[in-house]
Amino acid sequence: MTNPVLVEVLRGAVVESGHRGAVSVFDADGKPVWELGDTARPVFPRSAVKAIQALPLVESGAADAYGFGDRELALACASHSGQPAHAELADAMLAKAGLDRTALECGAHWPMDHDATVALARTGGVPNPLHNNCSGKHAGFLCTCVHTGIAHRGYVKAGHAFQELVRDAMQAVTGAAHDVDHCGTDGCSIPTYAVPLKNFALGFARMATGAGFEPVRAKAAKRLFSACMAEPFLVAGTGRADVALMQAAPGRIFVKTGAEGVYCAAVPELGLGIALKCDDGAGRAAEAMTAAVLAKLLRADEALAAKLIEQANPAIESRIGAKVGSLRPTAALS
């Protein structure tokens, strides 16, 4: 199946590029509510599923043992921009478990935030693992290991006891097998598994409602989603789409980006989970797709839908700040 063009890129009034993709919206009972394209094709979710990967942090009691609140839990689900507030909080989380940044096995990269990179370089600094966009997630992993008595060295490797906890959570929540034949390695060195896109939509509907979960998991899922919606800056960073989308309707929308044009989202008040993939991996198109899907699902709230539609049609500017084009969702998403 060839996926439809879901987002067009205009320069002036002329379509310059098109982005194909697939969208899946499910309710928590396993019913497809809206699907476009090939939603049965396995995709790697990448960072879009960090909230599911954070379940062991809460379910094990580690989060409570270390006194973690919304800020820490949001960072545990984050792909953050490496700004000082992000790096400092990840460091503080590790300290609660008696660890420091040398325990992180995610690797280092320059902050995703331009100003943070400039400030670090200006002082002669170099990036360390705390600046990695996944350091909050890994801090949560390490805290869980220490609290539960799992030896943490090598915690990123497939087959490690902690990664088995994560894999078990992913399988249970999505209802899809996470097997070795569909396993790859994510950018932060942990295993990532390709499963049908629609299973991620189902999983996020379950996370949003707790349907089919034991009480401990339902409570943990609600707590993680609530933390992210309360602290969207810590989930992403300044100027990021995740922040803008969650701030458009505080406490009503959960979204999480992943690499290569993947997004997962949920609308708890509707009991719906969303998963989408831009075929060519373009993040800008995936952001527009997500805003458009949310606008359609929340169209009964006209003021909110208008905000989301605006985010689904971002301007393209020249180097001097003049509007020279825009992105626009196609009729398939309207």
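The values are calculated or read from the model by the stated rules, or taken from the named source; none is laboratory data. Note that the structure is a prediction, hence the values are computed from the model and not measured. Don't worry about glycine lacking a Cβ; one is built from the backbone with ideal geometry, like all the others, and counts go over all protein chains shown. Accessible surface is based on the protein model in full, side chains and every heavy atom, while ligands, DNA and RNA are left aside. Shrake-Rupley method; radii C 1.70, N 1.55, O 1.52, S 1.80 Å.
Order TRP110, TRP34 by their accessible area, 1.4 angstrom probe, all chains in place, largest first.
Largest accessible area first, the residues go TRP110, TRP34.
Under a point spin-label approximation (7 Å from Cα along Cα-to-Cβ), what is the VAL180-ALA92 distance to one decimal in nm?
That separation, rounded to one decimal, is 4.3 nm.
Per the chain: cysteines with no other Cys C-beta under 4.7 angstrom?
Cysteines of the chain left without a disulfide-compatible partner: CYS77, CYS143, CYS145, CYS183, CYS228, CYS264, CYS278.
Consider a paramagnetic label point 7 Å from the Cα of VAL33 along Cα→Cβ; state which residues of the range 292-309 have an amide N under 16 Å from it.
Under cut-off, by backbone N: 292-302, 305.
Return the whole-Å distance between the Cα centroid of the range 80-140 and the Cα centroid of the range 161-189.
When both Cα centres are located, 25 Å separates them.
Taking only DSSP H segments of four or more residues, each worth -39500 (n - 2.57), what value at 222 nm results for the chain once the sum is divided by all its residues, to the nearest 500 deg cm²/dmol?
-12000 deg cm²/dmol
Taking only C-alpha pairs under 8 Å that are 6+ residues apart, what is the relative contact order of the chain in percent?
24 percent
So how exposed is ARG101, as accessible area in Å² (1.4 Å probe, rounded to 10)?
110 Å²
Compute the semi-axes of the equivalent ellipsoid of the range 1-151, taking the square root of 5 times each eigenvalue of the Cα gyration tensor, and list them largest first in whole Å.
Ellipsoid half-lengths, sorted descending, are 35, 25, 12 Å.
Would you rank PHE162, PHE233 by solvent-accessible area, highest first, keeping every protein chain in place and using a 1.4 Å probe?
PHE233, PHE162
Go ahead and set up a Gaussian network model of the chain, Cα springs under 10 Å, then flag whichever of ALA139, ALA205, ALA108 fluctuates most.
Highest fluctuation among the options: ALA108.
Hey, what does the equivalent ellipsoid look like for the chain, semi-axes from the Cα gyration tensor as sqrt of 5 times each eigenvalue, largest first, whole Å?
31, 24, 18
On full extension of the chain, what length is gained from SER334 through ASP64, given 0.36 nm per residue of separation minus the C-alpha to C-alpha distance?
92.9 nm
Okay, which of the range 258-300 sit inside 18 Å, backbone N to the point 7 Å along the Cα-Cβ direction of VAL14?
The answer is none.
How much FRET efficiency would the formula 1/(1 + (r/R0)^6) give for GLU317 and THR238, where r is the Cβ-Cβ distance and R0 is 22 Å, rounded to 0.05?
Numbers: r = 18 Å, r/R0 = 0.81.
Calculated transfer efficiency: 0.80.
Structure shown: which of LYS50/LYS256; LYS50/LYS277; LYS222/LYS256; LYS256/LYS277; LYS277/LYS307 lie over 18 Å apart, alpha-carbon to alpha-carbon? Please report the intermediate quantities before stating the final value.
Working: LYS50/LYS256 8 Å; LYS50/LYS277 16 Å; LYS222/LYS256 15 Å; LYS256/LYS277 12 Å; LYS277/LYS307 22 Å.
From LYS50/LYS256; LYS50/LYS277; LYS222/LYS256; LYS256/LYS277; LYS277/LYS307, over 18 Å: LYS277/LYS307.
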